[in-house]
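The values are calculated or read from the model by the stated rules, or taken from the named source; none is laboratory data. Computed from a predicted structure; not experimentally measured. Cβ coordinates were reconstructed from backbone atoms using ideal geometry, including for glycine residues, and neighbour counts include every protein chain displayed.
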Amino acid sequence: DQQVKQNSPSLSVQEGRISILNCDYTNSMFDYFLWYKKYPAEGPTFLISISSIKDKNEDGRFTVFLNKSAKHLSLHIVPSQPGDSAVYFCAASAIQAGTALIFGKGTTLSVSS
Amino acid sequence: DSGVTQTPKHLITATGQRVTLRCSPRSGDLSVYWYQQSLDQGLQFLIQYYNGEERAKGNILERFSAQQFPDLHSELNLSSLELGDSALYFCASSEDTHQPQHFGDGTRLSIL
């Protein structure tokens, strides 16, 4: 049973526009959420995180929104750049279950110029 | 560069064999995590060590084991290898609980 779901396998966006990547989770014990970006032949690179006590966290072009009642989080990238083209993974953890990350299966973002 | 170093980058071996994957965490990070990424399963947590002690276990097979040494580097041992063990194995490290984990570039294991 997938606890973290990224229902869109791919997303295509034009350069300069907003990219919105979505993630749903089922485990209400999750209290820490992260987004990672992954290029081929490299490991996942940490982008941004959010604790369950917040509903928004911003870092430059990246903003993560958390809706606990809907068990949904999203990553907004504004403006999108061709270099943002990669696979994006949503991950979650629950402090009561240790700090292991549970990952979604990823969304491939393609930003065209 | 995440600061996490994994060796070797690629490993090709045969069924029934045993291999050891090595990970050096970022300087100052006490936690080391191992993940497996196979084509159909995505990234799956295997095991975590904190300052030399096992802290959490995920979907790790009994044929697999790990340890973290006093200098904080970690090794993942895979034995009696099967074709289905072919995957990318990632190591990650973090300072402590609920801190971002930083990943190495992985070891690609191919079983022939």
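Table for the structure above
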item	result
Residue that is farthest from residue B:69 (Cα to Cα), among those in the stretch B:9-28 that are surrounded by fewer than 21 Cβ atoms within 10 Å (Cβ to Cβ) and within 14 Å of another protein chain (Cβ to nearest Cβ)	B:10
Number of the condition not met by residue B:46 [criteria: (1) aliphatic (A, V, I, L, M); (2) away from chain A (no Cβ under 14 Å); (3) within 10 Å of the chain's Cα centre (by Cα)]	(2)
All positions within the stretch A:16-42 that are outside any strand (DSSP E or B) and modelled with pLDDT of 95 or more	A:16, A:17, A:18, A:26
Whichever residue in the stretch B:32-43 is more than 12 Å from the chain's Cα centre (by Cα) and on the phi < 0 side of the Ramachandran plot and, among such residues, is surrounded by the fewest Cβ atoms within 10 Å (Cβ to Cβ)	B:40
Any chance residue B:94 is over 11 Å from the mean Cα position of the chain (by Cα) and among the hydroxyl-bearing types (Ser, Thr, Tyr)	yes
Condition met for residue B:94 (of a type in the set (Ser, Thr, Tyr), closer than 22 Å to residue A:93 by Cα and within 14 Å of another protein chain (Cβ to nearest Cβ))	yes
One residue from B:56, B:66 being at negative phi and touching an Asp or Glu at 6+ places or on another chain (Cβ under 9 Å)	B:66
Residues satisfying the stated conditions in the stretch B:49-59, i.e. part of a strand (DSSP E or B), more than 10 Å from every other protein chain (Cβ to nearest Cβ) and surrounded by 14 or more Cβ atoms within 10 Å (Cβ to Cβ)	B:49
Verdict on residue B:31 being more than 11 Å from chain A (Cβ to nearest Cβ) and farther than 19 Å from residue A:38 by Cα	no
Selection from the stretch A:43-61 of residues that are within 14 Å of residue A:92 (Cα to Cα) and either at pLDDT 95 or above or in a strand (DSSP E or B) (or both)	A:46, A:47, A:48, A:49, A:50, A:51
Only listed residue being touching a Ser or Thr at 6+ places or on another chain (Cβ under 8 Å) and not acidic (Asp, Glu), chosen from A:28, A:12, A:74, A:49	A:12
Every residue from the stretch A:59-84 that is surrounded by fewer than 15 Cβ atoms within 10 Å (Cβ to Cβ) and within 14 Å of chain B (Cβ to nearest Cβ)	A:59
Which numbered condition residue A:88 fails, given (1) over 16 Å from the mean Cα position of the chain (by Cα); (2) touching a residue at least 40 places away in the same chain (Cβ under 8 Å)	(1)
Options A:13, A:87, A:111; residue that is part of a strand (DSSP E or B), β-branched (Val, Ile, Thr) and within 14 Å of chain B (Cβ to nearest Cβ)	A:87
Any chance residue A:11 is aliphatic (A, V, I, L, M) and surrounded by fewer than 18 Cβ atoms within 10 Å (Cβ to Cβ)	yes
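Every residue, every condition in (1) exposed (fewer than 15 other Cβ atoms within 10 Å of the Cβ); (2) in contact with a Gly (Cβ under 8 Å, 6 or more places away or on another chain); (3) hydrophobic (A, V, I, L, M, F, W, C); (4) under 15 Å from residue B:12 (Cα atoms), yes or no:
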| residue | (1), (2), (3), (4) |
| --- | --- |
| B:75 | no, no, no, no |
| B:81 | no, yes, yes, yes |
| B:94 | no, no, no, no |
| B:102 | no, yes, no, no |
| B:107 | no, no, no, yes |
